[in-house]
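**Student:** One structure coming up, written as structure tokens, with questions to follow.
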Amino acid sequence: MSQQRSREAFEVAYAASISETSRMPCSSEEIRAMRVGDRYQDGADWLNGCWRGWQLAQGAKGVQEQISADSTANLCAQPSSTQEAVTTVSVAAEPLRQVLQALIGPGHLIRELQATRSLHALTNDNPIEILIQQFNASVNGVKKS
């Protein structure tokens, strides 16, 4: 399948998935309108990730190598000069359980947690934000002597 036909098939499938999980109509034309070159517009990280996954599933050449390079670069990032490498951090069990359940559950669960992150300042109960704060506090608490 050509990349263009694969992209069109992805946009149809993605729009159908959004329509089904959100119960709000979404068309492949709306998804197509978000394209900028061979990616989707800034802020559409989830959509770009889904597109890369689709390409992997279709066996697109070069995608696996790029993903491996991106992952290696992130894993090999050095801690800042004021931090030691941290191998263990302590976070609350309940927010971690909520995020893990959302990750292995239906796709809309993790998207709901992502979408409500901005409400954290008002409610102070978004598990993603809680875990980020606890992780950062743990990492930032480790200083070189």
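The values are calculated or read from the model by the stated rules, or taken from the named source; none is laboratory data. For clarity, every value in this text was computed on a predicted model and none was experimentally measured. Using ideal geometry, Cβ is built from the backbone for each residue, glycine included, and neighbour counts are taken over all protein chains shown. The protein model used for the area step is the full one, side chains on, heavy atoms only, and it has no ligands, DNA or RNA in it. Shrake-Rupley method; radii C 1.70, N 1.55, O 1.52, S 1.80 Å.
**Student:** Are any of the residues in the stretch 9-16 farther than 20 Å from GLU112 by Cα, open to solvent by less than 80 Å² (accessible area, probe 1.4 Å) and touching a Lys or Arg at 6+ places or on another chain (Cβ under 6 Å)?
**Tutor:** Checked against the condition, which is being farther than 20 Å from GLU112 by Cα, open to solvent by less than 80 Å² (accessible area, probe 1.4 Å) and touching a Lys or Arg at 6+ places or on another chain (Cβ under 6 Å), the stretch 9-16 yields at least one hit.
**Student:** Let me ask something else about it. Quick check on GLU29: is it of a type in the set (Asp, Glu), open to solvent by less than 60 Å² (accessible area, probe 1.4 Å) and over 18 Å from GLN114 (Cα atoms)?
**Tutor:** no
**Student:** Report yes if GLN98 is part of a helix (DSSP H, G or I), touching a helix residue (DSSP H, G or I) at 6+ places or on another chain (Cβ under 7 Å), at pLDDT 80 or above and surrounded by 10 or more Cβ atoms within 10 Å (Cβ to Cβ), otherwise no.
**Tutor:** In short, yes.
**Student:** Among the residues of the stretch 41-56, how many are open to solvent by less than 70 Å² (accessible area, probe 1.4 Å), under 18 Å from ALA115 (Cα atoms) and without any contact (Cβ under 8 Å) to a residue 40 or more places away in the chain?
**Tutor:** Count: 4.
**Student:** Within the stretch 2-60, count every residue that is more than 18 Å from ILE110 (Cβ to Cβ), among the charged types (D, E, K, R) and not in a helix (DSSP H, G or I).
**Tutor:** 4
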